[in-house]
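Notes for the one structure printed next.
The values are calculated or read from the model by the stated rules, or taken from the named source; none is laboratory data. Fair warning: this is a prediction, and the values are worked out from it, not measured in the lab. In this analysis, Cβ positions are derived from the backbone assuming ideal geometry, glycine residues included, and neighbour counts consider all displayed protein chains.
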Amino acid sequence: MAIVALVASLAAACGDDARGELTGGGFAAREAGAQAPAPNSPRRTVITDAVGKIAPAVVTVQTEVVERVPIDPFERFFGGRTGERSAAGIGSGFITRSDGVIVTNAHVVAGATRVSVALRDGQTFSARVLGFDEVNDLAVLKIDARGLPTARLGTSDDLLVGEWAIALGNPYGFLLGNSEPSVTTGVVSGVGRNLVGQGQGAGVYVDMIQTDASINPGNSGGPLVNAQGEVIGVNSSIYSPSGGSIGLGFAIPINRAKRVTEDLLEHGAVRRPWVGIKPQFPAAGDAGRAALRSGVVVHTVVPGSPAATAGIRAGDVLVKSRSRVLRNPYDWDAELLELRAGERLTVVVRRDGRELAVPITVADLPEVSAPKVQVMRELELLTLTPAIRTERGVRSARGAVVFKVSDRVAEELGLQPGDVIVQINRTPVEDAATVEKLISAQGQRGALRLFFERGGQVYSSDFIIR
Amino acid sequence: MAIAVTDLPLDLVRRGKVRDVYSVDGARLLLVATDRVSAFDVVMDEAIPYKGAVLTQMTAWWLAQLEGQVSHHLISADIDEIVREVPALAPQRAELAGRASLCRRATVFPIECVIRGYLSGSAWKEYRAGGTLAGEPLPSGLVESARLDPPVFSPATKAESGHDENITIEHVREVVGAETAAELERLSLLVYERGRDIAARRGIIIADTKFEFGYDDTGIRLIDEILTPDSSRFWPADEYRPGRPQPSFDKQPLRDWLDAERQAGRWNGEAPGPPLPPAIVAATSHRYLDAFARITGESLDTTGLA
Ligand SMILES: Nc1ncnc2c1ncn2[C@@H]1O[C@H](COP(=O)(O)OP(=O)(O)OP(=O)(O)O)[C@@H](O)[C@H]1O
Ligand SMILES: [Mg+2]
């Protein structure tokens, strides 16, 4: 059960290793002028063929990050400091559109102030982050280019446990003469894997492809392909323990990645589907284990949500959604990842010994549909409501939720969509309008300190309005 | 699982486009709404999950609302009760749950009692051509889909095949007698107006509907299905814009998809219909469930349903 928490920290440590390797030159560059074996060479296999097909579309993603160090939430009232730390990161990605659309992991580009991409032929481009989705660990980048080789996307719906799984990455593409991707191989060890972390900050990762191909920070963001060279998943090292040496790597199913990518391309943000059901997580022990097989007990229905409109009640047990049988809350999480805003789904619930077919129309998360207040054309905010608060697990009772930020504000303030602004200087933020007022009133008079909640922690950031 | 055809140990009286009718005995019929769906007069190969149960249970719900005001044919739409009455059906319980209704057999009046609360379909055509509806003049200047107040009784023949033909009220009088004609009109209007009001409050416009009546030794009874999406035109109220045709609450995704298939030259508009993609089947099922939930205020009970 503690796998994920462990994984997260190992992955971070590993990131440093990879960089160490890079600067230390601890790898063998491919010798210039080496001859490729003839097409009929017995050394050619289904693997080398698959690699040959996908390799041209695999790229290196390099980032520069300025990290902000969190401060203690209580210290904020006494003007606590924010630290800053600069670091470089590296990962992989793959080209999905010949005009320069690239898919990678969100964690590869998270918080990056600069992102660049190196192609297999050594060309490098500076990249724009079109959007990223931390929940699914996916990001979409764009470089200005044409006629690029693209990866063939397969489907993750019909994966065979035991079929070849080839993980590609290109972590060293910035080094001349080292343009070949790195390849690790294995099989699809499992599908629909749900990983549960424990303790603070540990997440739940659902419906992942498990493979024994080594997945590491270097090939993270790169493609996991089948024997036909079609992408079946996006490697993700934050789910995978270090180096894959214990035969446990995870990738995000390509079907989910396709959906998220489409959303990011169309809306610049993932349209988060909203149903408004909070499942009850079973207790530990035998009773809990039994409960993991008998459906999803509804703990809370968010007021005003699609589930509430559809008449779902606390205590209902969800047993089926569309064609997915729901045995436990993780099945529900997996279902949510596949749903799209606007989709109409039918959920079968058990209530008082009867079964009911409940039609629900999936909405956009309230952040997306709520009216917004525009601040200085750079920041779109909305007032924290009980619904948003429950939905996102925000701790602060009042505040303004960041809906959109300009690149400049994102860069200078370190703000991200989803952050909740709770205080400016010494004034608590009551709602979105307060932020506007405080900024326009006090902006003239020098520096402002902004406090915001992200992932349950409060951070601060100083800025001056020009 | 959706059910397209039933095969029960009873005498089959008829298979309609959607419903299978069986004879239980001289006095009773078993009406089974299957999950078949038709569009543009073609019955599709795919069945729509929950559709049959929606039709049957919605009919039962309306009749419960009308209890005491209209005498009707329904004995029970509850599977436990039906199996108690007709034990031979026990093995098919899961297939019949929700979908079947046990009814008093009646002698059917050969008339479709259509009520129009909005000007649409063939009624709009008639009005546009000559300013009348069912042969009676209507105010001038009405646009397509305009609301009609009061609603209009616009009877049709019960054609065995092909389309029902609109007839005049005079014609109805000739067929059933003046007194019965007046009673059929009165009952049709009463039930429709009741239905229109209830549905409107829940976001559904019942634009028009068709009732059937029969009689037995006790008198006239309301028979067949009542105020269902299949016997009526349901429109989403929030999309209502007079002056054009309205989307169908229940069948629009299906029709739009079929239209596209036809325009792409992949379907000639005749049976057999093209195979429906799962998304269209799911969307249609959702619409029927949604119509049920809105109108009755409850989700469809699917306990024991196969
Ligand atoms: N109580 C009753 N007594 C006698 N006949 C009845 C009774 N209730 C309904 N019926 C008849 O049962 C038949 C139902 O089958 P019908 O052919 O209408 O099915 P359907 O699926 O609605 O088909 P279609 O779409 O062609 O109308 C109708 O002809 C109706 O008149
Ligand atoms: Mg009929």
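Residues in the stretch B:49-64 include none that are part of a strand (DSSP E or B) and in contact with a helix residue (DSSP H, G or I) (Cβ under 8 Å, 6 or more places away or on another chain).
For the condition surrounded by 19 or more Cβ atoms within 10 Å (Cβ to Cβ) and in contact with a strand residue (DSSP E or B) (Cβ under 7 Å, 6 or more places away or on another chain), what is the one hit in B:47, B:97, B:53? Sole residue among the options that is surrounded by 19 or more Cβ atoms within 10 Å (Cβ to Cβ) and in contact with a strand residue (DSSP E or B) (Cβ under 7 Å, 6 or more places away or on another chain): B:53. Within the stretch A:114-124, the set of residues being farther than 12 Å from residue A:141 by Cα and modelled with pLDDT of 85 or more comprises A:118, A:119, A:120, A:123, A:124. Considered as a group, the residues in the stretch B:263-286 that are in contact with a Ser or Thr (Cβ under 9 Å, 6 or more places away or on another chain) and more than 8 Å from chain A (Cβ to nearest Cβ) include one that is surrounded by the most Cβ atoms within 10 Å (Cβ to Cβ), and that residue is B:276.
What about residue B:174, is it assigned to a helix (DSSP H, G or I), without any contact (Cβ under 8 Å) to a residue 40 or more places away in the chain and loosely packed, with under 14 Cβ neighbours inside 10 Å? Write out each step before concluding.
Values: assigned to a helix (DSSP H, G or I): yes; without any contact (Cβ under 8 Å) to a residue 40 or more places away in the chain: yes; loosely packed, with under 14 Cβ neighbours inside 10 Å: yes.
When the stated conditions are applied, residue B:174 passes them.
Residue count for the stretch B:144-161 satisfying the condition of being within 17 Å of residue B:195 (Cα to Cα), at pLDDT 95 or above and of a type in the set (D, E, K, R): 1. Of all residues in the stretch B:19-45, those satisfying the criterion of being over 24 Å from residue B:85 (Cα atoms) and within 10 Å of ligand 1 (Cβ to nearest atom) are B:36, B:38, B:41, B:43. Taking the criterion of being within 14 Å of residue B:61 (Cβ to Cβ) and either of a type in the set (D, E, K, R) or in a strand (DSSP E or B) (or both), the residues of the stretch B:278-304 that qualify are B:294, B:298, B:300, B:301. For the criterion of being away from ligand 2 (no atom under 16 Å from the Cβ) and either modelled with pLDDT under 95 or assigned by TED's automatic domain parsing to the domain that holds residue B:17 (or both), residue B:269 passes.
Taking (1) in the same structural domain as residue B:146 (by TED's automatic domain parsing); (2) within 16 Å of ligand 1 (Cβ to nearest atom); (3) surrounded by 18 or more Cβ atoms within 10 Å (Cβ to Cβ); (4) touching a residue at least 24 places away in the same chain (Cβ under 8 Å) in turn, residue B:254 satisfies each apart from (1). Pairs linking a residue in the stretch A:348-360 that is more than 8 Å from chain B (Cβ to nearest Cβ) and basic (Lys, Arg) to a residue that is part of a strand (DSSP E or B) and surrounded by fewer than 21 Cβ atoms within 10 Å (Cβ to Cβ), with Cβ atoms under 9 Å and 6 or more positions apart or on different chains, are A:350/A:317; A:350/A:319; A:351/A:317.
Would you confirm whether any residue within the stretch B:223-238 is more than 30 Å from residue B:185 (Cβ to Cβ), within 14 Å of another protein chain (Cβ to nearest Cβ) and part of a helix (DSSP H, G or I)? Yes, the conditions are met somewhere in the stretch B:223-238. Scanning the stretch A:167-207 for residues that are modelled with pLDDT of 85 or more and surrounded by fewer than 24 Cβ atoms within 10 Å (Cβ to Cβ) gives A:182, A:183, A:184, A:185, A:186, A:187, A:188, A:189, A:190, A:191.
Against the definition (within 13 Å of another protein chain (Cβ to nearest Cβ), surrounded by 17 or more Cβ atoms within 10 Å (Cβ to Cβ) and at pLDDT below 90), how does residue A:318 come out, yes or no? Answer is no for this residue. Does residue B:70 count as away from ligand 2 (no atom under 16 Å from the Cβ) and over 19 Å from the mean Cα position of the chain (by Cα)? Here the answer is no, as residue B:70 does not meet what is asked. When each of B:39, B:53, B:33 is tested for being small (Gly, Ala, Ser) and within 14 Å of ligand 2 (Cβ to nearest atom), the lone residue that passes is B:33.
Here is a yes/no grid of residues against (1) within 16 Å of ligand 1 (Cβ to nearest atom); (2) closer than 25 Å to residue B:144 by Cα; (3) surrounded by 14 or more Cβ atoms within 10 Å (Cβ to Cβ):
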position	(1), (2), (3)
B:205	no, yes, yes
B:209	yes, yes, yes
B:216	yes, no, yes
B:246	no, yes, yes
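Quick one: in the stretch B:2-21, which of the residues that are away from ligand 2 (no atom under 15 Å from the Cβ) and assigned to a strand (DSSP E or B) is farthest from the other protein chains (Cβ to nearest Cβ)? Selected residue: B:11.
Apart from one condition, residue B:209 fits all of (1) more than 14 Å from ligand 2 (Cβ to nearest atom); (2) within 28 Å of residue B:146 (Cα to Cα); (3) touching a Ser or Thr at 6+ places or on another chain (Cβ under 7 Å); (4) not charged (D, E, K, R); the exception is (1). Among the residues of the stretch A:321-334 satisfying the criterion of being closer than 12 Å to residue A:296 by Cα and polar (S, T, N, Q), which is farthest from the other protein chains (Cβ to nearest Cβ)? Looking at residues that are closer than 12 Å to residue A:296 by Cα and polar (S, T, N, Q), I get A:328.
Candidates B:101, B:140, B:122, B:145: the one that is within 16 Å of ligand 2 (Cβ to nearest atom) and among the small types (Gly, Ala, Ser) is B:101. Each residue in the stretch B:287-300 was checked for being among the acidic types (Asp, Glu) and within 7 Å of chain A (Cβ to nearest Cβ), and 1 of them qualify.
Residues in the stretch A:335-347 that are assigned to a strand (DSSP E or B) and in contact (Cβ under 8 Å) with a residue 24 or more places away in the chain were compared, and the one that is farthest from the other protein chains (Cβ to nearest Cβ) is A:347. Listed by first and then second residue, the pairs linking a residue in the stretch B:84-109 that is within 14 Å of chain A (Cβ to nearest Cβ) to a residue that is within 16 Å of ligand 1 (Cβ to nearest atom) and of a type in the set (Asp, Glu), with Cβ atoms under 9 Å apart and 6 or more places separating them unless they lie on different chains, are B:99/B:35.
Being of a type in the set (Lys, Arg), farther than 24 Å from residue A:339 by Cβ and more than 16 Å from ligand 2 (Cβ to nearest atom): is that true of residue B:287 here? The answer is no for residue B:287.
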